[in-house]
Structure formats: C-alpha cells, structure tokens
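Chemist: Below is a structure I'd like to ask you about.
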Amino acid sequence: MQLIGMLDSPYVRRTAISLECLGLPFAHQPVSVFSTFDQFRGINPVVKAPTLVCDDGEVLMDSSLILQYAEARCAGRKSLWPQDAAELQHDLRAVGLALAACEKSVQIVYERNLRPQAFQYAPWLARVTGQLRAAYAGLEQEVGKRRAVFVGPLHQAAITTAVAWQFTQSMLAEIVAATAHPALADLSARLEKTPEFLKYPPTGPGVVAPAN
C-alpha cells in the first residue's frame, strides 16, 4: 500500500500513525496537493489527501474511510477501537470532536492564507472560531474525565485527538490557548514522544515539527 499526502495535514498524519499502530506495511509518498498538484492528480484525479493506493491499485480517500479499511484488514488481530459498546460510544465522541477541530482549523487556515484579506468574511470566521473552541472544550472534558483511558496503549481516540491538537497549536495557538487545555496539552506532549508519532512528524510547508 502507498499513503499519499504531506504529514503537515492532520488527516494524513493520523492515517500514517494509525497504520503504523495496526502493523500494516505501507510506503509514504509526501506529495503535496498544492506545490505538486499535477503529480497528485496523476495518482488521484480528485487530489484529496490522504489518498491510499491499495495493493491492487485501487485508490481510496478520506482518512476515516481509509482507516475503516485498515481495521477490516486487521479484523480478529488488532484494533484501535474498543469492543465494548459503551466505550466505543465515548471514543466515537472524542474522535468526532477531534475531526471537527481539524476541520475548523483547516477552514480558518485556508481563509487566512488563500483568500485575500479584503475578501475574508469576518462573521463567518467568528462562527468557525466559536466552533473550533467548542470542539476543544469538549475534547478537554473528554480527556480529563477519561484520563486513565488516554494514558493506556495508543488507540484511535488518543491518536486523532493528539494529532488535531498539535496541528491547531502549530497554526492557531493564539485562538486555542494551551493554558486553558491542560489535559490536551499533556496528552499531546506524551504522545509526540512515542515511536509511532516520532516516525511520522508533522513536517511540511504548513506545520513546524515539535521541538525535541
């Protein structure tokens, strides 16, 4: 399998780390949807990161769908999701909040960096900023009240939460203060030191890798 996309994308990074945790062999190709658009289009005409080229050549996209496929390949051997329905419900909520935080962060970054300032719509930015802060407020509560779960072996809720937090802190730290989210800051600091996270640092034109 080949994973296509830059690791400065939280969606690409969560996919790479998750595939590593599941023990699925893959090759990573750091192709950009911006600077190497034509090259990416040659692999996937939709130019969506992450893209996964399966062993038979079929192309999948969207991090959650790619990881659903990965989980199916590991069925009966390993999973990053709990089997208990109640625990699964909690993890799904955390992942949903983290993905919402990723989405709102990306929207703000794109609005700031790609749209001329004269055409940026302040009411929409304020709305998205409120959604971003609400997502992290919810995540802070989830990690705080379920701290023991997030301290254990790597699982999807922890991976996606930590990746989302690192991305937002790298790009929008002035909007989401780390001091107001101690549980998230602690989770990120711990996970960024794990072998899986260190193997796939958030390097690329968009995000600066964390200092050692």
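Chemist: Are there chymotrypsin sites (Phe, Trp or Tyr not before Pro) in the range 17-89 that DSSP puts in a loop and that have at most 14 other Cβ atoms within 10 Å, and which ones?
Modeler: For chymotrypsin sites (Phe, Trp or Tyr not before Pro) across the range 17-89 that sit outside H, G, I, E and B with at most 14 neighbouring Cβ atoms in 10 Å, the list reads F34.
Chemist: In debye, nearest 20, what is the charge dipole magnitude of the chain about its Cα centre with +1 on Lys and Arg Cβ and -1 on Asp and Glu Cβ, if you could check?
Modeler: Value, rounded to 20: 360 debye.
Chemist: Please name which of C21, G5, C54 has its Cα lying farthest along the dipole of the range 2-73 towards the positive end, using unit charges on Cβ (Lys, Arg +1; Asp, Glu -1) and the Cα centre as origin.
Modeler: The residue sitting farthest along the positive end of the dipole is G5.
Chemist: Towards the positive end of the charge dipole of the chain, with charges on Cβ (+1 Lys, Arg; -1 Asp, Glu), say which of L154, A137, V33 has the farthest Cα.
Modeler: Highest projection toward the positive end goes to A137.
Chemist: Mind listing the phi-derived Karplus ³J(HN,Hα) values for the range 8-24, rounded to whole Hz, using 6.51, -1.76 and 1.60 with θ = phi - 60°, and x for any glycine or proline?
Modeler: 6, 8, x, 6, 5, 5, 4, 5, 4, 5, 5, 4, 5, 5, 7, x, 8
Chemist: How many angstrom separate the Cα center of the range 145-188 from the Cα center of the range 69-122?
Modeler: 13
Chemist: Based on the Cβ-Cβ distance of E111 and A137, what FRET efficiency does E = 1/(1 + (r/R0)^6) give at R0 = 25 Å, to the nearest 0.05?
Modeler: For E111 and A137, the calculated efficiency is 0.70.
Chemist: So, one more: Which value, in debye to the nearest 20, gives the size of the charge dipole of the range 2-73 about its Cα centre, when Lys and Arg are +1 and Asp and Glu are -1 at the Cβ?
Modeler: Around 180 debye, computed over the range 2-73.
Chemist: Size of the dipole of the range 85-194 about the Cα centre, Lys and Arg at +1 and Asp and Glu at -1 on the beta carbon, nothing else charged, in debye to 20?
Modeler: 120
Chemist: Convert 25 °C to kelvin, take the viscosity as 0.890 mPa s, use the Kirkwood radius over C-alpha pairs of the chain as Rh, and evaluate the Stokes-Einstein diffusion coefficient in µm²/s, rounded to a whole number.
Modeler: Taking Rh from Cα pairs, D becomes 139 µm²/s.
Chemist: Provide the FRET efficiency to the nearest 0.05 for the T194-A118 pair, computing r from the beta carbons and using R0 = 41 Å.
Modeler: E between T194 and A118, to the nearest 0.05, is 0.40.
No lab work stands behind these numbers, since they all come straight from the coordinates. Note that the coordinates shown come from a computational prediction; the quantities given were computed from them, not determined experimentally. Note that each Cβ is placed from the backbone with ideal geometry, even for glycine, and that neighbours are counted across all protein chains shown.
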